[in-house]
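Down below is the structure, laid out as structure tokens.
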Ligand SMILES: NC(=O)c1ccc[n+]([C@@H]2O[C@H](COP(=O)([O-])OP(=O)(O)OC[C@H]3O[C@@H](n4cnc5c(N)ncnc54)[C@H](OP(=O)(O)O)[C@@H]3O)[C@@H](O)[C@H]2O)c1
């Protein structure tokens with residue numbers, strides 16, 4: 001990030017991410033979509049993924065029309081091989097360097113705990129928590145190659161307070177908070193900052209049918 005004001009720029013263009021590269025998971029909708037637009041709007045080159053290739057391509061065209069530099073590829077972050085394929089694509093797209101990783105893709109499950117199946121437990125864990133852990137591991141060499149960087153883990157208010165009927169989701173977000181703290185300490189010597197964002201309720205597809 002360059003401080004334009006310090007270099008004589010106007011207040012409006014004080015910050016820029018020109019030259020930076022970013023990966024945003026779950027970039028086709030909701031919070032992730034907004035993050036892609038914001039990062040690209042500040043000049044970063046962004047790679048976005050989600051599971052729906054057709055929807056991603058529609059997003060890419062919209063971003064292209066706005067003059068934003070965004071590439072896309074389909075990836076189910078709950079699948080280990082998909083995550084490896086995603087990071088391989090990112091490595092090629094950005095010549096081995098990544099400045100920003102946003103672990104945003106997530107799945108909410110609202111259901112009484114006694115009705116949750118073993119498959120649902122595994123799926124939500126893999127989508128929210130395991131994917132974040134593994135993508136941090138995979139991104140590390142690219143972040144180090146960039147001279148350091150920033151990881152943002154999309155947590156939730158549900159990761160620190162109790163809500164009825166979302167225990168598995170809450171477990172994943174609480175654990176993501178601890179992942180964030182652990183890596184922030186462990187990777188600080190490599191100039192990799194690790195932070196979490198814990199939103200309250202934001203009207204997206206994820207919560208449109210949820211009754212609290
Ligand atoms: N909305 C809220 O109130 C709220 C509050 C706190 C935290 N959050 C967190 O914020 C993040 C984004 O939520 P949102 O509200 O923006 O949700 P959303 O509107 O449902 O968007 C989720 C995005 O993630 C993608 N995605 C879901 N599962 C995926 C998978 N397995 N692999 C790859 N991509 C996947 C979706 O695309 P596809 O379905 O096409 O794959 C979509 O692009 C989540 O981690 C969520 O837990 C949201």
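Residues considered: 133, 163, 94. Largest GNM mean-square fluctuation over the chain, using C-alpha springs under 10 Å, is found at 163.
On C-alpha positions alone, give me the angle between the axis of helix 30-41 and the longest principal axis of the chain, in degrees, nearest 10. In the chain, helix 30-41 runs at an angle near 10 degrees to the longest axis.
Between residue 123 and residue 197, the C-beta separation translates, for a Förster distance of 30 Å, into a calculated FRET efficiency of about 0.85. Packing, as the average of other Cβ atoms within 10 Å across residues, places the peptides 119-125, 48-54, 101-107 in the order 101-107, 48-54, 119-125, highest first. Helix 131-145 and the longest principal axis of the C-alpha atoms of the chain enclose an angle of approximately 20°. Of interest is the spacing of the C-alpha centroids, which for the range 74-144 and the range 151-212 amounts to 13 Å.
Tell me the mean residue ellipticity at 222 nm calculated for the chain from its helices only (DSSP H runs of n ≥ 4, each -39500 (n - 2.57), averaged over every residue, nearest 500). Roughly -12500 deg cm²/dmol at 222 nm, from the helical runs in the chain.
Normalised Debye scattering of the chain at q = 0.08, 0.09, 0.11 Å⁻¹ gives log10 I(q)/I(0) of -0.28, -0.36, -0.53, counting only Cα atoms as equal scatterers and leaving out solvent. The simple Förster model, with R0 at 22 Å and r as the Cβ-Cβ distance, assigns residue 88 and residue 57 a FRET efficiency of 0.65.
Between residue 204 and residue 157, the simple label model (points 7 Å from Cα in the Cβ direction) yields a spacing of 1.5 nm.
Available extension along the chain between residue 110 and residue 95 is 1.3 nm, counting 0.36 nm per residue and deducting the alpha carbon span. For the chain, modelled as a GNM with alpha-carbon contacts under 10 angstrom, which of 67, 149, 159 fluctuates the most? The residue that fluctuates most here is 67.
Rule-based calculations on the coordinates, nothing more; no lab input. Since we're looking at a predicted model, the values are computed, not measured. Counting neighbours? That spans all protein chains shown, and the Cβs are built from the backbone with ideal geometry, glycine included.
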